[in-house]
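Enquirer: Mind having a look at this structure? Questions to follow.
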Amino acid sequence: MATPRVTTTEVDGGLNNTKNLSGQPMAVVGPAASGSFNPQVFRSKTDLVAEYGSAGAALDAACYALDLGASSVVVVRTASGNSSSYSTLDDSGVTGTCTPSVDSNVVPLDEYQVYIEVVSGGVIATSGIKYRYSLDGGTTFGPVYPLGTATSITLPAFTGGVKVNLSAGTLVAGDSFSFEAFPETFTDGELSTALDSLASTSKDWEFVLVALDVDATMAMTVATWLATLHSQNKHKFGIVSFRAQSSTETANDYLTAFETFRGAVESSDLVVTADRCDLLSSIPGVSGRLRRPPSLAIAGLVSVMSPETDGAALDSKYANDRGPLLGVSIKDSNGNPVYTDATLGVGSALDDLQATVLRSWQGYSGTYINNLRLLSSPDSDATWLQHRRVLNLARGLFYQAAVRILSKPLQVDRRTGFLSEKQIQSIEARINAILQTGLLVKPMASAVKFTASRNDPILTNPFRFSGRLSILPLAYAKEITAEVAFVATLAA
């Protein structure tokens, strides 16, 4: 005997032939310094820090969303099976006789591009040396600190106390040294465990942000998990990030690496961002900018946008702001590009490969989203993230309406054994009223209509009633052209 249920199947390719779901928060999955591994809802940054500590991309993403006005966030802490690490310290900028070295016994709590610059020189262990540090590779700096008689430099507690030991000798004003710190990260299995925990929670959420970079295997883990949720009438999407371009990698090499990743990953449920940006940290007690995947800022923006809104729009994306991503930069203080810009170099090619990349606009300050791309098949109708959000919303509305019809007595036409026309029209009217209220009062689609089948053998197993939910989407202009010319006369 069939279990009463409602099933929707997405049909693609139709266009080629012719506050969010909002109200639901985003979910963030990633490592943290402490805290529960179970999904939890947070409405304040103070509570987030109390639970998870004061560092990490997942924590920063959740805090950023709350800063933008999200009413709440759902956070799932992952295990961290991959150890932290440091790059080789580059001391080529040191002209003094001191040799700095990273204390590898300290576990960094986040990803940092540490750059330390000597402001006033002197002898190690003798007062007089002053320095300043940057956590984003020298793009932005904190204040100047005296070294005093110390023989090491320890960064603030929110970094985990990242430490540089200084050998005997001298440092000269203008000396500099740098290194990268990488926190503990999750394995594919640990990510899968956290996602399963999120799937089983009764807490509401619209989409998931995976707060650290994923490889192709992890991306497909997320995509497969999302596809499974669709089969359970849980219509969600995910935002993940591809790795940063390394300092030893050319832009074309990075493009080739993403192309390889793209060849292994395809899903109309996934947004994948590329490279990095500088993001003003939203974590209480953490000062300055950190180098972050654009996904963190983009997810925060999406969490406060209405489903039909295109995050690539120049303005009107969120309340009290008219354009750029808040606290995000892809250029240095002199306006020179530091990270991928869709208007320069390989940025446009990454967009062509359906990566979501950031950009600048001539004549406008700040950093913007170029396009919110889905990693869907090239011939898919679902091109932009807003397509996925509206599809998910429509499927959710249909489920809410259709589930109330299950196991109710329905009138059958005595001549055909199928549902009577009067009964079908009644069902269509009921479902379409809910769809139209949810999608058309504030236009999230151009039109929507459910049309029921007239010849389902509902009297026999599996006692199925079917139909087609058709959505005419909103259009989003991505190119505007005009001829420009002097004319002799011009009508009013």
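Enquirer: Where residues in region 148-171 are aliphatic (A, V, I, L, M) and closer than 30 Å to residue 82 by Cα, which of them is surrounded by the fewest Cβ atoms within 10 Å (Cβ to Cβ)?
Expert: Of everything passing the filter in region 148-171, 157 is surrounded by the fewest Cβ atoms within 10 Å (Cβ to Cβ).
Enquirer: Another question about this same structure. Out of everything in region 450-492 that is more than 30 Å from residue 392 (Cα to Cα) and small (Gly, Ala, Ser), what residue ends up being most open to solvent (accessible area, probe 1.4 Å)?
Expert: In this case the residue turns out to be 492.
Enquirer: Scanning for something touching a Pro at 6+ places or on another chain (Cβ under 9 Å) and of a type in the set (Asp, Glu), does region 185-195 turn up at least one residue?
Expert: yes
Residue-wise test of (1) surrounded by fewer than 19 Cβ atoms within 10 Å (Cβ to Cβ); (2) at pLDDT below 95.
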site	(1), (2)
3	yes, yes
13	yes, yes
29	no, no
33	no, yes
58	no, no
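Enquirer: Just checking, does region 110-127 include any residue being under 24 Å from residue 58 (Cα atoms), among the charged types (D, E, K, R) and within 27 Å of the chain's Cα centre (by Cα)?
Expert: Yes: region 110-127 contains one or more residues that are under 24 Å from residue 58 (Cα atoms), among the charged types (D, E, K, R) and within 27 Å of the chain's Cα centre (by Cα).
Enquirer: Follow-up. From the list 471, 480, pick out the single residue that is of a type in the set (Val, Ile, Thr) and in contact with a strand residue (DSSP E or B) (Cβ under 9 Å, 6 or more places away or on another chain).
Expert: Criteria check complete, one pass: 471.
Enquirer: Limited to region 397-448, what total is found for residues that are in contact with a helix residue (DSSP H, G or I) (Cβ under 9 Å, 6 or more places away or on another chain), surrounded by fewer than 16 Cβ atoms within 10 Å (Cβ to Cβ) and assigned to a helix (DSSP H, G or I)?
Expert: Counting residues in region 397-448 that are in contact with a helix residue (DSSP H, G or I) (Cβ under 9 Å, 6 or more places away or on another chain), surrounded by fewer than 16 Cβ atoms within 10 Å (Cβ to Cβ) and assigned to a helix (DSSP H, G or I) gives 4.
Enquirer: Answer with yes or no whether residue 66 is modelled with pLDDT under 90 and in contact with a helix residue (DSSP H, G or I) (Cβ under 9 Å, 6 or more places away or on another chain).
Expert: Spelling it out, it is not the case that residue 66 is modelled with pLDDT under 90 and in contact with a helix residue (DSSP H, G or I) (Cβ under 9 Å, 6 or more places away or on another chain).
Enquirer: Can you pull out the residues in region 138-147 that are open to solvent by less than 40 Å² (accessible area, probe 1.4 Å) and at pLDDT below 95?
Expert: Of everything in region 138-147, those that are open to solvent by less than 40 Å² (accessible area, probe 1.4 Å) and at pLDDT below 95 turn out to be 138, 139, 142.
Enquirer: Also, quick follow-up: Do we have residue 55 as under 19 Å from residue 327 (Cα atoms) and in contact with a strand residue (DSSP E or B) (Cβ under 9 Å, 6 or more places away or on another chain) here?
Expert: Judged against the criteria, residue 55 is not a match.
The values are calculated or read from the model by the stated rules, or taken from the named source; none is laboratory data. Values in this document were obtained by computation on a predicted structure and should not be read as measured data. Virtual Cβ from ideal backbone geometry, glycine too; neighbours counted across all protein chains shown. What goes into the accessible areas is simple: the full protein's heavy atoms, side chains included, and nothing from ligands, DNA or RNA. Shrake-Rupley method; radii C 1.70, N 1.55, O 1.52, S 1.80 Å.
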